[in-house]
Structure formats: C-alpha cells, structure tokens
Amino acid sequence: MIRVAIADDQVLFCSGIEMLIASQDDLDFAGAAYDGEAITVLAAQEKPNVILMDIRMPKADGITATEQILAAADGREPPRIIVLTTHQRDIAVLSAINAGASGFLMKDATPEFLLAAIRTVHAGKSVIAPNNSLALIHDLSPRHLGQANDAVISALSVRQKEVFLLAARGLSNADIGAAAFISETTVKSHISGILAKLSLSSRLQLVALAYENRLVQ
C-alpha cells in the first residue's frame, strides 16, 4: 500500500483527495493537514510515502515544510513530495524542486493524472505538470550573465560530467547511452552517482542546477 497525505488549507479540496485515494486498492489515506506546520507533524507521526503539498499555506509555506520534512528523515527513506499549485508558471515551483520535491502538479489535474503521479513518484521517478519540463525550468530559472559556473560539478568524474550535461538537456537514458556509447544500465548507475555526489534528490533538481549555473542554455 502507498500511504498518501495531503497538506492544503482548503478543507473541501482535502476531502475530495481523501475520497479519491480511498477509492484505490493500492493507496491508503494517511491524513490531511491544513497548514505548513501541521504537515511536518503529520509526516513524522504517520510516515506517508507520498505527500501532496500546497505551496501557499498558513504558518509555513509548502517549500519550508518540504525542507523540514526531508531533513527530518535523517537517513530513513523520506516521503516523496508532489507540490500542488494553481499557476503553471509559479516561480515558487522552482524553489520547491530545489527543496527536494519530486515534481509538481496543477490543482486542476485530472484524477487519473494525479493517481498516476502518486504511483510514479513512489516508484522513484519525477513528475511535472507541463509537457515540456525543460522549458518550464528554463523560463523560471533566474537569468544570470557571465561564464558557466563549472565549480558546482567539480566533484564529478569526466564521464559523470558528460552524463550530467546530457541529462540536463532532457535526454532519456537510452539517448544518453547512445550519445556516450554506454549501456542504459551504466547511465542509470552514473545518474545515481551524480545525484549522490551533488546532494540532489531528483533529475529535476539536476536540470534546475544546470540552468541556474549556466551549464546549459
């Protein structure tokens, strides 16, 4: 069973999510919180696998709550967090990704898309609402002038840097493997190593890091 919690200050919205989760045989509703402080408490007590997190809430916003929940995992498997927003080009989305969220969805997403997103992030993958996540991150990333900041990936090996840049451009594992003349299994291994060395939790964070430091345009 995948335990799912929600943090949102709209009680009716939370109730609707609860009914949707309860209708699925493989999902279990772990509870609702109506502000950013309450969800950190709920996460510690109920240990949900996935949290649907509103960005703007009383007491603490969803970005702060995301940071606190992931920091509190302290070596344990942290919950996967999907940020909910009403604005596709919400600049706070980028902050949520940098804080460790596994992706974001619009609040008007279809029930089928939401359920698929929950299962996808639980499987260890990222989700993002628009069709072109690279365009979104490019648009939301602050525009910096000057040279690329290669120092942020200095800890990577030469091969890892190659894979990092290919992944940052949005290539699939198969395409990265073809470009670098390595197998998909090796690509996956390199990606895992890159995320660990750079203290990143997802490929979304990898893409955001690359754009913010002008490593890709």
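The values are calculated or read from the model by the stated rules, or taken from the named source; none is laboratory data. None of these values were measured; they are calculated from a predicted model. All Cβ positions, glycine included, derive from the backbone under ideal geometry; neighbour counts span all protein chains shown. Ligands, DNA and RNA are excluded from the accessible area calculation, which covers all protein heavy atoms including side chains. Shrake-Rupley method; radii C 1.70, N 1.55, O 1.52, S 1.80 Å.
Some observations on this one:
- Cβ-Cβ FRET estimate between Asp9 and Val152, R0 fixed at 35 Å, reported to 0.05: 0.45
- Close amide-amide hydrogen proximity is noted between Gly103 and Val83, Val127, each under 5 Å apart and 5 or more residues distant or on a separate chain (H modeled in the peptide plane; Pro and chain starts excluded).
- Relative packing of 64-76, 34-46, 199-211, which averages over residues the other C-beta atoms within 10 Å, highest first: 199-211, 34-46, 64-76
- Heavy-atom SASA rank of Lys107, Lys125 (probe 1.4 Å, accessible area, largest first): Lys125, Lys107
- Segment 1-53 - Rg and Dmax from Cα coordinates, angstrom: 10.1, 30
- Note on Arg56 and Lys125: the extension gain reaches 22.4 nm, defined as 0.36 nm multiplied by sequence separation minus the Cα-Cα distance.
- Remark: spin-label model distance Leu20-Ser199 equals 3.4 nm, labels positioned 7 Å along the Cα→Cβ axis.
- Using C-alpha pairs under 8 Å with a sequence gap of at least 6, the mean separation divided by the residue count of the chain gives a relative contact order of 16 percent.
- Close amide H pairs (under 5 Å, H built 1.01 Å from N) link Gly31 with Ile6, residues at least 5 positions away or on another chain.
- Helix 158-168 and the long axis of the chain differ in direction by around 50°, with both axes built from C-alpha atoms.
- HN-Hα J in Hz across segment 188-198 - Karplus 6.51, -1.76, 1.60, θ = phi - 60°, x for Gly and Pro: 4, 5, 5, 4, 4, x, 5, 4, 5, 5, 9
- Computed log10 I(q)/I(0) for segment 1-95 at 0.11, 0.17, 0.23 Å⁻¹: -0.28, -0.68, -1.19, from the Debye equation with unit scatterers placed on every C-alpha and solvent omitted.
- Considering all different alpha carbon pairs of segment 148-202, the Kirkwood hydrodynamic radius works out to 11.2 Å.
- At R0 = 22 Å, FRET efficiency that the Cβ-Cβ distance of Glu162 and Arg214 yields, to 0.05: 0.80
- With the convex hull drawn over the C-alpha atoms of the chain, the volume per residue is 126 Å³.
- Given their separation in residues at 0.36 nm each and the Cα-Cα distance between them, Glu184 and Val41 gain 47.5 nm when the chain is fully extended.
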